[in-house]
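Chemist: Got a structure here, written out as structure tokens. Questions coming.
The values are calculated or read from the model by the stated rules, or taken from the named source; none is laboratory data. Note that the structure is a prediction, hence the values are computed from the model and not measured. Don't worry about glycine lacking a Cβ; one is built from the backbone with ideal geometry, like all the others, and counts go over all protein chains shown. The accessibility values were calculated without ligands, DNA or RNA, using every heavy atom of the protein model including side chains. Shrake-Rupley method; radii C 1.70, N 1.55, O 1.52, S 1.80 Å.
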Amino acid sequence: TIPGSILLVLGGLATLLAFATAPALGQERVLYPYKNDKGVTAIDDHVPPEFVKNGYEVLTRDLRVIEVVPRQLTGEEGKRQRAAADAKRQQEEWDKRLLLRYSTPKDIEEARARALAEFDVRLSILRSKLRTNKTQIEDEQERAADIERRGQSVPVALSSNIGALKQEIGIPEESIKQQVADKETTRRSYERDIARFKSLQNIVELRRKSAASETAP
């Protein structure tokens with residue numbers, strides 16, 4: 001007795017041969033080799049729904065593979081596959097953005113210089129404001145000290161103003177810290193863009209040379 005798995009494979013081969021020798025009328029038809037629940041390759045004109053998860057191929061009438069559908073991954077394996085696919089898509093989007101926006105590494109360097117210069121302008125404004133606030137606090141504190149030296153009580157309005165100025169001074173200080181951090185992040189981002197753009201240029205050049213050598217007599 002011939003085992004069922006062998007019969008299934010033989011049946012698939014028979015289907016394949018019949019399909020390959022079919023008349024021109026069936027040229028639009030395709031075949032689907034797939035794995036069944038026993039891991040045996042079967043060939044049919046459709047993939048049963050319960051076996052789609054195992055993956056399959058799509059063959060033309062002349063037995064050319066026109067599509068390969070991989071098996072569906074689950075659990076940690078599936079998570080890794082999706083993460084890899086997301087990383088690949090993000091890389092492709094990044095590469096496309098770089099090639100569309102810039103023509104040479106110098107273009108990126110100039111864009112970096114402009115962006116960092118904008119940070120320097122904002123930092124200059126914030127630092128100027130911080131110096132002004134500190135000067136105001138020093139002036140008000142000096143007024144309060146003069147009043148105390150004369151043996152008088154410091155007016156409540158003056159003390160309140162000093163307290164308010166001390167609170168305000170924290171705003172530009174925090175803004176300066178954030179701008180410095182953002183400037184460094186921006187600088188590193190442009191550095192990555194420059195390095196990646198140069199890599200893409202090298203890849204394009206290698207492909208150009210390879211194509212030229214293949215077409216050379």
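Chemist: Going down the list K106/K134; K35/K79; K79/K106; K96/K183; K88/K183, which pairs span over 32 Å between their C-alpha atoms? Numbers along the way, then the final one.
Modeler: On the way: K106/K134 41 Å; K35/K79 23 Å; K79/K106 39 Å; K96/K183 24 Å; K88/K183 28 Å.
Those over the limit are K106/K134; K79/K106.
Chemist: What is the sum of charges around D120, taking Lys and Arg as +1, Asp and Glu as -1, for the other residues whose C-beta is under 11 Å from the C-beta of D120?
Modeler: Its environment carries a net charge of +3.
Chemist: Where the only charges are on Cβ atoms (+1 Lys, Arg; -1 Asp, Glu), what is the dipole of region 94-156 about its Cα centre, to the nearest 20 debye? It would help to have the intermediate numbers written out before the result.
Modeler: Numbers: 14 positive and 12 negative charges, 62 e Å.
My answer is approximately 300 debye.
Chemist: Send over a whole-number figure in Å² for the accessible area per residue of region 83-140, probe 1.4 Å. Write down the numbers at each step before the final one.
Modeler: Details: 4080 Å² over 58 residues.
Result: 70 Å² of accessible area for each residue.
Chemist: Quick check: residue separation of E67 and R29 times 0.36 nm, minus the Cα distance between them. What number comes out in nm? Mind showing how you got there, number by number?
Modeler: Values: separation 38, 0.36 × 38 = 13.68 nm, distance 1.39 nm.
The E67-R29 span can extend by a further 12.3 nm.
Chemist: Continuing with this model, one more query. Suppose a student asked you for the relative contact order of region 91-217, using Cα pairs under 8 Å spaced at least 6 residues apart; what percent would you report? Write down the numbers at each step before the final one.
Modeler: Numbers: 58 pairs, mean separation 54.3, N = 127.
Reported as a whole number, the value is 43 percent.
Chemist: Enter the Cα centre distance for the pair region 76-119 and region 173-204, rounded to the nearest angstrom.
Modeler: So the separation of the two Cα centres works out to 11 Å.
Chemist: What's the magnitude of the charge dipole for region 67-111 around its Cα centre, counting Lys and Arg as +1 and Asp and Glu as -1 at the beta-carbon? Answer in Debye, nearest 20. The partial results should precede the final answer.
Modeler: Details: 10 positive and 10 negative charges, 37 e Å.
The calculation lands at about 180 debye.
Chemist: Right, here's the next one. Determine ³J(HN,Hα), in whole Hz, for all residues of region 137-146 in sequence, where each value follows from phi through the Karplus function 6.51 cos²θ - 1.76 cosθ + 1.60 and θ = phi - 60°; x replaces Gly and Pro.
Modeler: 5, 4, 5, 5, 5, 5, 4, 5, 5, 4
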